[in-house]
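Each remark here refers to the structure printed beneath this line.
Bear in mind these aren't lab numbers, they're just calculated from the coordinates by the rules spelled out. What you see is a predicted model; the values in this text were computed from it and never measured. Neighbour counts run over all protein chains shown; Cβ positions are idealised from the backbone, glycine included.
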């Protein structure tokens, strides 16, 4: 019996040694440090011990960029975590800075409006890549760590509305000041020095100064008096100079007006030149070009703005240009104005759109954003759109056979299905909102490409005139996009386009009601009616008035693919 126990003990010891060897090998392969997946997993467990994010803990063992997790944003190459945004999610854990700082490329951390407790440890000084830190509206307490001043890359900091106890002395730099009671501070949208409110301050980044002695305070008062005197003298001097400048400018203008009147008296047919004063405008925020393609295709903003451009279309809120760079690369550039979106939200949305990769969605090459306008850059499609194909067919310039029409229908449906299946429960679905013939471009192999995707919800809907592709409820949703797709499917089957002013769904319904169903199809389609009838039934279900009665895009795609399979058989 003792031999048996000894044998079991030896086996257990061997298992422990093997496990330790594997652990050491794992640490060695990861450079002696935790991997990003381990660091992120431990950070999430600490900040969300109750698992309010509803994350499968086994999933966190994978690389964080290999799956989609709400609030975790990776770089464009999906190799490293760059942003963590877990805002207003009722998280009740603590801030585990040690694991957070092991995410060496983390630039943005926002945990605002949660219930996070504990302190901000001094080890946050190791998070050297941080540029934006927002821990406001939590239950953090203790001292504000002085080491925050050592984060040289930090540009924005907000730790307001917590329970810090330290009094932080301020300088003339941008600061955060925390009083000895919970802070209920005003919020600001800019990065300029803040004015004091009744209860505290909210500013960025912080600068902390030691308390002064009484002797230092006496010297400080003397220096303040001298400073006030100097400021008064300088202010008086500046006012005097401004008065002199005003009088001089007025005299010069008077002389010019006199000269102009003399000129008019001699030449009454000529009009005096009009002087236009430049208005001072607030400085706009400007992003550099953000690309979603390989680095070899990148170019400078100056190259784009200085290139030859042809205006193709123009509306109240957008203009479309064909731009040819010096290296002969040709792009389609969409210029957008009147968008109702913040600078930051637009960048986040375009980041999601730019990373979409599907053969039936026109890829976004890059974008440039200012407060006033946005530039979206796409590869130019020389074959035009589905509308130009239809117009050429109607004018007798080319054929539009059934096989190509069916290819268009299934390609558009697959693209829309990808949009609504691409985002799981952790991501907000972004409807298209503007599906129509002119927004379906044709690739070099005449595959349909859905364009104009990702920004319809930022446009002022009052600028739009209802077109005949718009669903009756006039909302941005999957069922509204299904209605628009149903209209395109009717155009493919009938050979008629709604651009001519025809209410196509009503016309088709009247033909079917009067039992003229066979007369609905275009002559290119009439030879394959056995395959066209199922598609006609699908399209009629798509264009019903009530959205709850329409199928989902996944159901529509399934029916179309059944027609494709039966035809191939």
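Between residue 338 and residue 314, the FRET efficiency estimated from the beta carbon spacing at R0 = 22 angstrom works out to 0.95. Looking at the square roots a ≥ b ≥ c of the eigenvalues of the Cα gyration tensor of segment 307-450, which shape do they give, rounded for a/c under 1.5, prolate if a/b is larger than b/c, or oblate? Taking the square roots of the gyration eigenvalues as a ≥ b ≥ c, segment 307-450 is oblate. Among 546, 432, sorting on how many other beta-carbon atoms sit within 10 Å of each Cβ, with the fewest leading, yields 546, 432.
With each label modelled as a point 7 angstrom along the Cα→C-beta vector, the residue 502-residue 90 pair spans 5.5 nm. Assuming a ≥ b ≥ c are the square roots of the Cα gyration tensor eigenvalues, decide whether segment 285-380 counts as rounded (a/c under 1.5), prolate (otherwise, with a/b larger than b/c) or oblate. Rounded is the answer for segment 285-380, as its axis ratio a/c remains below 1.5. In terms of other Cβ atoms within 10 Å, 350, 540, 530 run from fewest to most in the order 530, 540, 350. With contacts taken as Cα pairs under 8 Å at a separation of at least 6 residues, segment 285-380 carries a relative contact order of 32 percent. Taking label points 7 Å from Cα along the Cα-to-Cβ direction, residue 155 and residue 250 give a separation of 4.5 nm. Full extension of the chain segment joining residue 305 with residue 79 gains 78.2 nm, where the gain is 0.36 nm per residue of separation less the Cα-Cα distance. Extending 7 Å from the Cα toward the beta-carbon at both residue 446 and residue 428 defines two label points whose distance is 4.0 nm. Exposure proxy shown here: for 56, 98, the number of other Cβ atoms within 10 Å sets the order, fewest to most, as 56, 98.
Available extension along the chain between residue 226 and residue 322 is 28.3 nm, counting 0.36 nm per residue and deducting the alpha carbon span.
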